[in-house]
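One structure is given here, and the rest of the page talks about it.
The values are calculated or read from the model by the stated rules, or taken from the named source; none is laboratory data. What you are looking at is a predicted structure, and each value in this text was computed from that prediction instead of being measured. Quick note on the areas: whole protein, heavy atoms, side chains included, nothing else; ligands and nucleic acids left out. Shrake-Rupley method; radii C 1.70, N 1.55, O 1.52, S 1.80 Å.
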Amino acid sequence: MSEVTNNPTHNRLLTKLRAMGPYLRDPQSKEGHYYFDCLSVCVDDRKSPELREFWGWWMVLESVEGGFTAKYHAGKYDTDGNWLNEALPKKVATEVNQTQHCFHAKLVKTLDEQFKLTVAYHDESVEFV
């Protein structure tokens, strides 16, 4: 059994965060600052893949004493690869919220079990119902 540490190296932390799924965006992440996103619902799946937009969420995980803060945002991922801070349509909000809740629970569990680190919602984080 591996030893739990609450002071993991950047590379060890990256390994665990990557193992959680396709959420971590390495190019936008750096030590103490990790960028995640999730394309939850396709806006129009009749379009060709390169022209598709998605409803979803993105999050910045910032290192703080004893753990992290998670600042979530919700909106649309456009064809240029940018997140737009747009209100979610009611018909997709439940699914987007569900993917965010599942991810957050997994993140909290992973960081607690592996490193005994906490994750709190940032004060400016979007509230997911």
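Below is a table of values for the structure above.
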| item | result |
| --- | --- |
| Degrees separating the helix 10-19 axis from the principal Cα axis of the chain, which is the longest one | 50 |
| Accessible area in the full protein assembly, largest first, 1.4 Å probe, for D44, D123 | D123, D44 |
| Accessible area, probe 1.4 Å, largest first, for residues C42, C102 | C102, C42 |
| Debye equation applied to the C-alpha atoms of the chain, log10 I(q)/I(0) at 0.14 Å⁻¹ | -0.63 |
| Protein-only accessible surface order, largest first, of Y121, Y35 at 1.4 Å | Y121, Y35 |
| Potential extension, E95-E65 segment - 0.36 nm per residue separation minus Cα distance | 7.5 nm |
| Per-residue ³J(HN,Hα) for region 98-105, Karplus 6.51 cos²θ - 1.76 cosθ + 1.60, θ = phi - 60°, Hz, x for Gly and Pro | 5, 5, 5, 4, 4, 4, 4, 4 |
| Accessible carbon and sulfur surface of the chain relative to its total accessible area, %, 1.4 Å | 48 |
| Under 20 Å from the Cα of K47 - aspartates and glutamates, other chains or at least 8 residues apart | D78, D80 |
| Heavy-atom accessible area per residue - region 8-119, 1.4 Å, Å² | 55 |
